[in-house]
1. Which one, Thr117, Leu32, Ile45, is farthest towards the positive end of the dipole of the chain when Lys and Arg carry +1 and Asp and Glu -1 on their Cβ?
2. If you restrict to DSSP beta bridges whose two residues both lie in the chain, what percentage is antiparallel, to the nearest 5?
3. How far apart, in nanometres, would the label points at Lys204 and Lys180 be if each is projected 7 angstrom from Cα along the Cα-to-Cβ direction?
4. For segment 1-107, which trypsin sites (Lys or Arg not before Pro) pass both filters: DSSP loop (anything but H, G, I, E, B) and at most 10 other C-beta atoms within 10 Å?
5. For the chain, give the magnitude of the charge dipole about the Cα centre (Cβ charges: +1 Lys/Arg, -1 Asp/Glu; no others), in debye to the nearest 20.
6. Label Lys34 and Phe197 with points 7 Å out from Cα along Cα→Cβ: what is the distance between them in nm?
7. Quick check: pseudo-label points 7 Å beyond the Cα along Cα→Cβ at Asn225 and Asn121, how many nm apart are they?
8. What is the calculated FRET efficiency for Asp151 to His49, with r their C-beta to C-beta distance and R₀ = 41 Å, to the nearest 0.05?
Amino acid sequence: MEVIDFGKHRINAIISTKQLEKNLMLDTYSSLNKNVSSIYKMEDIHNTHVTVKDLLNSNSRRTHSLKRCKDALIMMNLSEDLLERELKTLSTSELSKVIIASTLIQNKSILIFNNPTIGLNHKDKNNFIKLIRMLKNRYNKTIIISSNDVDFLYRICDYFYYVDDDKLVYEGSKEDFFTKLDLMKKYKISLPKILKFINKVRIKKKIRLIQRIEINDLIKDIYRNKN
């Protein structure tokens, strides 16, 4: 099993069509680093009798204060009333947010999020993106996000790793990763919707556009080119 040396103080994405491979790589990485947050997998905890408060305290040597637990939930726009609820009674969206909160409360220098967008709507994703950017820029956290949600990863991540058959196949910046069309075709990686749109406009309208992350910036570029 290859061990990835994730870049410090940046937002890293790890992609693979095989979820088990990603999980094993992250578990190995986590076991070799003391300052890495624990990795929670929704499928492992969803049907247990564990409460939200239990999960928030599951990887701490001492129980977190009630205020700290409440603050972790509030950070994810969740009610403090959820603290005594069993995880199996939560909706998919609530459980995803609780898992994110349980990672945040550990306050490690390296934070790992495993499929964090499951069940999140567009507004939730936007709030999570703002939170992740703050953790990186204000608190110098290293972020590792395991997901195949390429639209989300394109918006938030700086650097990409693609894994196949327990090996690191490719690593590079976001700008480089999404220009490797042969790689993407071989491993059936979808282009983010915004890049698909940019390519269509380039071909049909003969407009020269650069890669953009946010749709509003892209619309401004198109408007400027028309004038």
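1. Thr117
2. Here the share of antiparallel DSSP bridges comes out near 35 percent.
3. 3.0 nm
4. Lys34, Arg61, Arg62
5. 1280 debye
6. Once both label points are built, they end up 4.7 nm from each other.
7. My value for the distance between the label points is 3.3 nm.
8. Once rounded, the FRET efficiency stands at 0.70.
Any read-out appearing in this document is the output of simple, stated calculations on the displayed coordinates, not a laboratory observation. Source: prediction; values computed, not measured. For neighbour counting, all protein chains shown are included, and Cβ atoms are generated from backbone atoms with ideal geometry for every residue, glycine included.
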